[in-house]
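Below is one structure, written out as structure tokens; comments come after it.
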Amino acid sequence: MSLDTKTNSGRRGTIGTFRAFSNQNFRFLWPANFLLYVSRWMQMTLLAWFVLELTDSAWYVSLLGFFTFLPMLVLGMLGGLLADSVNRRALLVITQLVALALTITVMVLLFAGFMELWHAYAAVFITGATWALDMPARSSVIHDLLGGEGVTNGMSLDSVGMTGSTMVGPAFAGLLITLFDVKGGYVAMVAFQSVALVSLLFARIPTGYDSVFAPEKVVRNLLEGLSYARTQRVVLAIILITVVMNLMLFPIMQMVPVMARDVLNVGPGLMGVLQSASGFGSFFGSLFLASLTSFNRHGAVFLGGSVLGTLGLLIFSFSHWYGLSFVALLVMGTGVAGFAVMQMTLVMLVSRDEMRGRALGVVSLAIGVSPIGALFIGGLASAIGTANAVTVNAVTGLALLALIGLIMPSFWRGQSSTT
């Protein structure tokens with residue numbers, strides 16, 4: 001690396017839950033990530049309500065999830081390769097600039113009255129592309145700043161920000177829809193993304209390894225990443241569980257506005273609060289994980305959190321009472337915290353330095369199956385009803401997670417290596 005930012009400050013500084021903040025550059029990176037996460041969740045909520053009001057169709061709402069995560073399927077491994085091959089700081093700045101320009105464009109379309117259905121799909125697709133290209137780099141930077149001993153705390157705190165955004169973003173978006181319509185939410189998104197960009201520019205971010213991105217080597221490097229993931233049993237287990245979660249659980253969040261309006265009979269304000277419930281659970285779950293000073297059962301938390309999250313989804317599918325639905329999504333979010341924190345942490349702990357970005361890229365590829373899950377839940381909801389479709393997803397997800405746990409018991413029974 002050309003910048004000596006891999007200091008010991010994240011290890012010898014503040015002791016406790018927030019010890020990663022003893023690293024000055026992490027203090028700038030964290031709010032930049034958090035505000036970007038908030039704006040992305042706001043966009044999902046704002047556009048889901050926009051499409052639902054425009055089309056009155058669960059299928060068209062589910063297509064938002066399809067176009068959001070389609071770039072992850074196509075570009076996820078490329079993002080991992082870029083994290084290993086190009087200037088990481090430049091990559092993060094460029095993707096954040098693109099996201100800001102897109103948000104401004106959509107805001108103008110809304111105020112001018114020119115916003116159409118295809119604009120919503122285009123917006124989430126481009127946002128998904130920036131996410132696919134920069135997510136491995138964002139995770140790798142945390143490892144570079146804090147080192148192997150501090151990465152679990154750093155990733156936990158980043159997950160606190162990410163899950164906190166799922167709490168703040170939807171609720172704030174729902175409030176703004178109630179007060180100012182969807183366009184008011186986009187004004188707030190422009191403000192958040194602008195501040196995030198400034199904070200990112202203040203951070204001294206590692207550039208990455210001294211390798212050169214050569215287009216002719218892309219296919220070879222991507223195949224190397226797949227081969228590496230296949231031979232690493234821990235990474236393989238992470239990929240399988242990630243596929244299940246992104247097929248069966250995460251696409252459901254696009255259906256929450258439909259369930260809120262058609263099953264629970266509430267408006268956009270309470271819809272936003274309901275959509276933030278999983279964020280509350282994830283926030284406190286991530287905070288708890290960040291407070292752990294000595295921890296080596298990452299696999300057990302990863303699989304257990306996935307199971308708990310899917311159980312919460314199953315309860316949500318049966319609920320016709322707003323309070324129970326909120327609690328069910330709260331439980332789901334608590335489980336998702338274990339999944340989200342340990343997903344990238346495990347990859348970074350077991351991967352060699354020169355392969356870390358590519359391993360993260362393979363995980364991004366697994367996340368990219370979400371478009372298939374979005375189409376599945378959308379088609380199923382149109383055929384048998386939204387609530388029944390969510391039930392089918394939850395039961396199927398639990399069965400698949402149980403199967404993975406039985407086939408690969410060493411993954412969740414053993415201790416994680418930090419070497």
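In the set Thr130, Thr178, Thr163, which member is β-branched (Val, Ile, Thr), at negative phi, assigned to a helix (DSSP H, G or I) and modelled with pLDDT under 75?
Working: Thr130 fails: modelled with pLDDT under 75; Thr178 fails: modelled with pLDDT under 75.
Going through Thr130, Thr178, Thr163 in turn, the sole match is Thr163.
Run Thr105 past the list (1) of a type in the set (Ser, Thr, Tyr); (2) more than 21 Å from Asn246 (Cβ to Cβ); (3) touching a residue at least 40 places away in the same chain (Cβ under 8 Å) and report the number of the one that doesn't hold.
With (1) of a type in the set (Ser, Thr, Tyr); (2) more than 21 Å from Asn246 (Cβ to Cβ); (3) touching a residue at least 40 places away in the same chain (Cβ under 8 Å) applied to Thr105, the lone miss is (3).
Restricted to the stretch 370-385, and to residues that are of a type in the set (Val, Ile, Thr) and surrounded by fewer than 24 Cβ atoms within 10 Å (Cβ to Cβ), which residue is modelled with the highest pLDDT? Before the answer, list the steps.
Narrowing the stretch 370-385 to residues of a type in the set (Val, Ile, Thr): 372, 377, 384.
Restricting the remaining residues to those that are surrounded by fewer than 24 Cβ atoms within 10 Å (Cβ to Cβ) gives 372, 384.
On the way: Ile372: 86, Ile384: 92.
Checking each candidate, the answer is Ile384.
So which residues in the stretch 259-287 are aromatic (Phe, Trp, Tyr) and either surrounded by 24 or more Cβ atoms within 10 Å (Cβ to Cβ) or in contact with a Phe, Trp or Tyr (Cβ under 6 Å, 6 or more places away or on another chain) (or both), if there are any at all?
Just the residues of the stretch 259-287 that are aromatic (Phe, Trp, Tyr), to begin with: 280, 283-284.
Matches in the stretch 259-287: Phe283 only.
Within the group Leu64, Leu109, which residue is in a helix (DSSP H, G or I) and either acidic (Asp, Glu) or surrounded by 19 or more Cβ atoms within 10 Å (Cβ to Cβ) (or both)? So that I can check it myself, show each step before the final result.
On the way: Leu109 fails: either acidic (Asp, Glu) or surrounded by 19 or more Cβ atoms within 10 Å (Cβ to Cβ) (or both).
Just a single option satisfies the conditions, and that option is Leu64.
Could you please give the count of residues in the stretch 83-94 that are surrounded by 20 or more Cβ atoms within 10 Å (Cβ to Cβ) and either under 27 Å from Trp118 (Cα atoms) or at pLDDT 75 or above (or both)?
Qualifying residue count, the stretch 83-94: 3.
Let's see how each residue does on (1) modelled with pLDDT under 90; (2) within 29 Å of Asp181 (Cβ to Cβ); (3) of a type in the set (Val, Ile, Thr):
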| site | (1), (2), (3) |
| --- | --- |
| Gly272 | yes, yes, no |
| Gln275 | yes, yes, no |
| Phe280 | yes, yes, no |
| Phe283 | yes, yes, no |
| Phe288 | yes, no, no |
| Asn296 | yes, no, no |
| Thr310 | no, no, yes |
| Leu314 | no, no, no |
| Tyr322 | no, yes, no |
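Any idea which residue in the stretch 118-134 is surrounded by the most Cβ atoms within 10 Å (Cβ to Cβ), counting only those that are in contact with a helix residue (DSSP H, G or I) (Cβ under 6 Å, 6 or more places away or on another chain) and among the hydrophobic types (A, V, I, L, M, F, W, C)?
The residue in question is Ala132.
Does Leu100 qualify as being in contact (Cβ under 8 Å) with a residue 60 or more places away in the chain, part of a helix (DSSP H, G or I), surrounded by fewer than 24 Cβ atoms within 10 Å (Cβ to Cβ) and within 19 Å of the chain's Cα centre (by Cα)?
Working: in contact (Cβ under 8 Å) with a residue 60 or more places away in the chain: yes; part of a helix (DSSP H, G or I): yes; surrounded by fewer than 24 Cβ atoms within 10 Å (Cβ to Cβ): yes; within 19 Å of the chain's Cα centre (by Cα): yes.
For Leu100, the condition - in contact (Cβ under 8 Å) with a residue 60 or more places away in the chain, part of a helix (DSSP H, G or I), surrounded by fewer than 24 Cβ atoms within 10 Å (Cβ to Cβ) and within 19 Å of the chain's Cα centre (by Cα) - is met.
Which one of the conditions (1) closer than 25 Å to Gly174 by Cβ; (2) modelled with pLDDT of 80 or more; (3) assigned to a helix (DSSP H, G or I); (4) not polar (S, T, N, Q) does Phe302 fail to meet, given that it meets all the rest?
Tallying (1) closer than 25 Å to Gly174 by Cβ; (2) modelled with pLDDT of 80 or more; (3) assigned to a helix (DSSP H, G or I); (4) not polar (S, T, N, Q), Phe302 fails exactly one: (1).
When you look at Phe34, is it under 19 Å from Asp262 (Cα atoms), touching a residue at least 12 places away in the same chain (Cβ under 8 Å) and in a helix (DSSP H, G or I), yes or no? Walk me through it before giving the result.
Numbers: under 19 Å from Asp262 (Cα atoms): no; touching a residue at least 12 places away in the same chain (Cβ under 8 Å): yes; in a helix (DSSP H, G or I): yes.
No, not satisfied.
The values are calculated or read from the model by the stated rules, or taken from the named source; none is laboratory data. Just so you know, these numbers come straight off a predicted model, no measurement behind them. Every residue, glycine as well, gets a Cβ built from its backbone with ideal geometry; the counts of neighbours run over all protein chains shown.
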